[in-house]
Amino acid sequence: MDEHALTATRRSLHAVAERLLAGPQYREHGEIRLQVTPGGFGQFAGPLRVEGTEIVGGELRAPLRGTVSDIADALGVEAGEPAGLYSEHAEFGADDALAVDPAAAELLLGWFARGDRALRRFAPSEEPILWPEHFDLGIALDEVNYGISPGDSGHATPYAYVGPWTPREGPFWNVSFGSLRPATELPDADAVAAYFTEGRGAARA
């Protein structure tokens, strides 16, 4: 996978998640949480969702092309992130054109689906949340964050992570915030769930 296409697609999907899903949902329902849905991700308290390279809501379906404002107009919603709730936002200009590569979107959305299945197997009582500020899917359990990311400014490609609220020491903890494992080393949901289980044991040690 071309890393430039992957990064451009991730940044575009992050902007869509924050400004077309979470922002409108927050203004109408006071809710910013998003969730993994078939073929992509969508609102908790609303009909809008990303499905592949399109955004869908009720009878509406629009390709992820043009600017966020263009798509908002087509959907009849007000574009913009949830105001005043957090300081980190999608690295995407208001007038930037979305760049959603179909192959990159399939890879990233497939990773979200894999992570969602893994989190539900690892902790069946917890509801995985896709957070719009960091664009990562995760849960918190016994003061440890478990989740997956499609990549970010610190690590360009998808990865899973375990982040204890209190720093730990030991061979499992390989990054400043805890532990990171590239998606390429976690080929299926069982492997991701096993990584989280390993992390839980390391956090308790």
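Can you give the extra length, in nm with one decimal, that the chain gains between A103 and A140 once fully stretched, where that is 0.36 nm per residue apart less the Cα-Cα distance?
Numbers: separation 37, 0.36 × 37 = 13.32 nm, distance 3.08 nm.
Full-extension gain reported as 10.2 nm.
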Under 5 Å between amide H atoms, partner at least 5 residues away or on a different chain: which partners does G151 have, H built in plane at 1.01 Å? Y159
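Gain in length, N174 to E3, computed as 0.36 nm per residue apart minus the alpha-carbon separation, to one decimal in nm?
On the way: separation 171, 0.36 × 171 = 61.56 nm, distance 2.30 nm.
Gain on extension, N174 to E3, equals 59.3 nm.
Which chymotrypsin sites (Phe, Trp or Tyr not before Pro) in region 127-185 pass both tests, a DSSP loop state and at most 12 other beta-carbon atoms within 10 Å?
Working: sites: F135, Y146, Y159, Y161, W165, F172, W173, F177; in loops: F135, W165, F172, W173, F177.
Filter output for region 127-185: W165.
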What residues of region 66-86 lie in the reach of a label at R27, counting those whose backbone N is under 19 Å from a point 7 Å from the Cα along Cα→Cβ? 67-86
Whole-angstrom gap from region 97-126 to region 1-64, using each part's C-alpha centre: 12 Å
So what's the net charge close to G23: Lys and Arg +1, Asp and Glu -1, counting the other residues with Cβ under 9 Å from its Cβ? -1
Can you give me the angle between helix 189-204 and the longest principal axis of the chain, using Cα atoms only, in degrees from 0 to 90, rounded to the nearest 10? 50 degrees
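Compute the Cα gyration tensor for the chain, then decide on rounded, prolate or oblate, letting a ≥ b ≥ c be the square roots of its eigenvalues: rounded whenever a/c is under 1.5, prolate when a/b is larger than b/c in the other cases, and oblate in all that remain. If you can, show how the numbers build up before the last one.
On the way: a/c = 1.89, a/b = 1.68, b/c = 1.13.
Cα axes put the chain in the prolate bin.
Read-outs throughout are calculated quantities, based only on the coordinates presented, and are distinct from any laboratory measurement. Only a predicted model underlies this, so the values are computations on that prediction, with no experimental measurement involved. A quick note on method: Cβ atoms are made from the backbone with ideal geometry, for glycine too, and the neighbour counts reach across all protein chains shown.
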